[in-house]
Amino acid sequence: MTSPRPLPTRPLPTRAHEDYRYADLTALASVWPVVVEEHALQTGETGALIVAEMGAEPTARMIAITLGAGAKFDLRIITGGPAYGRIQVTVSLADDADFTLGAVQLAGGNQTLEIVTELHHQGENATSRQVVRNVAAGASSVSYLGKVCVARGADGTDAGQSVRAMLLDATAQANARPELEIYADDVKCAHGCAVGELDEGALFYLAQRGIAPAEARRLMLQAFVAEALTGAEGEEHLMALVTTRLAGLLEGAA
Amino acid sequence: MLTITNLSASVADKPILKGLSLTINAGEIHAIMGPNGAGKSTLGYTLGGRPGYEVTGGSATLNGADLLALAPHERAAAGLFLGFQYPVEIPGVSFVQFLREAANAQRRQRGEAPLSGAEFLKCAREQAALLKMDMEMLKRPVNVGFSGGEKKRAEMVQMGILNPSLAILDETDSGLDIDALRICGEGINAIMRKPDKAVLLITHYQRLLDYVKPDFVHVLAGGRIVKSGGPDLALELEEFGYEGQTV
């Protein structure tokens, strides 16, 4: 039986700590210690949270979500200010609970952005879906570390992780580490990750309709991140935040 | 309108077009037919400027402009429209956003004022109606979840909105049922059969030509036009095949 480890709120972690392997520790020190934000949902409750960190100050947040039987939580994350951004999320799911994460990280300059998730499927027939889309320009680094733990007896678990990264410059870096720890038998866990470049055929399609290369790239990146925001409360507003940041990244913004 | 002289092009260093010449005047509809691998699609992509399609000789002008010297988006603004055999899906970007950006990008390049939202929607509504396409479909992401026939009709709606002077339509008839074929054919006629416009249809079959009557038919084989004639040539090809042609 695994249960969520308490989030390490002090002392300041080192790189030896696996969850901090790609962290910008200097920036992290400036916001340390981090207060854990707790969201505890009782049986059948529904919750949602939108995290949009687009500011100039370094930020690190720790979000702990506990879902009672049949509870549902929808978490959307957009990070993309010029500063360090780290969002760490732990979730524990009881019977029939459902967790959705849709995350978009848009990094430029020398920025480091990271999302670290740890999901604990404790009960039967709980479902989780994580869709993460990362874009890295300049010499930035963008990471997703996602662990899914399925406890003994948590049969009927259905956990999905889809992680994709797009590198806009040869000097940018993307890391993705999906991890599964399964102690139950009847479990469906899918994960996929890919790092790619924009599709040549689609770029030509846009160009053939008269759209200049920079705009075509912006539209293709909009298409790339869209899946992470589909169905979110205020989806249009979130897409607008994303497209503004993407336009900035394509113009070389930090 | 379009003058192609001795055009040669390679894909991955393999010569595909080998000295192709073709002249299309305003007001004309031409059809190019030919066996698989003859270079039909390559001709469209090369004129459109697709990366990887390398021109190794010859020239192509559109309304006097040197097409081959322009970037792909500039060729579009100069009046060239390619109808794709396999239109690309773009999730997260609606047809409305995509087409408004495309129309205004072209207008900007030509030094024209951009269309307002209302002007654009009016134009889009008219063209969608022409192709019997529900306006709601244009609010959806580009081509995502569209059937083969819907994608081709959407291509024609795009053509209507962008209003090109020359359309090269690559196997617009493939994947269409009889009704969709008729709707697309009528759409092509309504949008493009005008004294100041021209069409080059790339097709395997006569059936599209029943709706869009060509003025000239050409056979493309081995990277060149090997035979040209009137509409009867297409019927002859249908009956005897490419092999039955004496070149």
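Nothing in this text is a laboratory measurement; each read-out follows from the coordinates by a stated rule. For clarity, every value in this text was computed on a predicted model and none was experimentally measured. Heads up, the Cβs are rebuilt from the backbone with ideal geometry, glycines too, and the neighbour counts pull from every protein chain shown.
Data table
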item	result
Cα centroid of the stretch B:147-179 to Cα centroid of the stretch A:16-64, whole Å	49
Anchor B:Lys213: lysines whose Cα lies under 25 Å away (excluding residues fewer than 8 positions away in-chain)	B:Lys40, B:Lys132, B:Lys151, B:Lys152, B:Lys194, B:Lys197, B:Lys227
Modelled FRET efficiency - R0 51 Å, A:Glu181 with B:Asn36, Cβ distances, 0.05 increments	0.50
Nearest 10 degrees, 0 to 90: helix B:117-130 Cα axis against chain B principal axis	50
10 Å Cβ neighbours from other chains, averaged over peptide B:70-77	5
Per-pair calculated FRET efficiency, R0 = 56 Å: B:Arg110 and A:Arg10 via Cβ, rounded to 0.05	0.35
Radius 10 Å from Cβ of B:Ile202, net charge of other residues (Lys, Arg +1; Asp, Glu -1)	-2
Chain A: angle of helix A:235-250 to the longest principal axis, Cα-based, in degrees nearest 10	50
Neighbour count of at most 12 Cβ within 10 Å plus DSSP loop: longest trypsin sites (Lys or Arg not before Pro)-free window in chain A	A:16-151
Residues A:Ala240 and B:Ala12, FRET efficiency given R0 of 45 Å [Cβ-Cβ distance, rounded to 0.05]	0.65
Cα gyration tensor, the stretch B:65-160 - rounded (a/c under 1.5), prolate or oblate	oblate
Among B:Asp179, B:Asp210, B:Asp170: highest mean-square fluctuation, GNM of chain B, C-alpha pairs under 10 Å	B:Asp179
Fluctuation leader among B:Pro15, B:Pro91, B:Pro214 - chain B, Gaussian network, Cα springs under 10 angstrom	B:Pro91
Per-residue average of Cβ from other chains inside 10 Å of B:91-104	5
0 to 90° range, to nearest 10: angle between helix B:148-162 axis and chain B longest Cα axis	80
Cα-based shape type of the protein assembly as shown, given that a ≥ b ≥ c are square roots of the gyration tensor eigenvalues and the cut on a/c is 1.5	prolate
Range of Cα positions in chain B per principal axis (Å), largest first	54, 40, 35
Proximal aspartates and glutamates relative to A:Lys147, as straight alpha-carbon distance under 12 Å, when same-chain residues fewer than 8 apart are discounted	A:Glu18, A:Asp19, A:Glu118, A:Glu179, A:Glu181
Longest DSSP-loop-exposure-free segment, GluC sites (Glu not before Pro), chain B, at most 13 other Cβ within 10 Å	B:113-242
Simple label model, 7 Å out from Cα along Cβ direction - B:Tyr205 to B:Lys122, nm	3.9
Rounded if a/c under 1.5, otherwise prolate or oblate - the stretch A:18-196, Cα gyration tensor axes	prolate
Spin-label pair B:Met137/A:Arg21, simplified geometry with 7 Å Cα→Cβ offset, distance in nm	4.8
Segment B:Asp179-B:Arg193, extension gain: residue separation times 0.36 nm, minus the distance between their alpha carbons	3.0 nm
Within chain B, helix-based [θ] at 222 nm, where runs of 4 or more DSSP H residues each add -39,500 (n - 2.57), nearest 500	-10500 deg cm²/dmol
Most fluctuating residue given options A:Thr157, A:Thr79, A:Thr46, as computed from a GNM of chain A linking Cα atoms under 10 Å	A:Thr46
Calculated P(r) of the stretch A:109-247 - Cα pairs past 24 Å, %	41
Residue mean of other protein chain beta carbons inside 10 Å, A:217-227	4
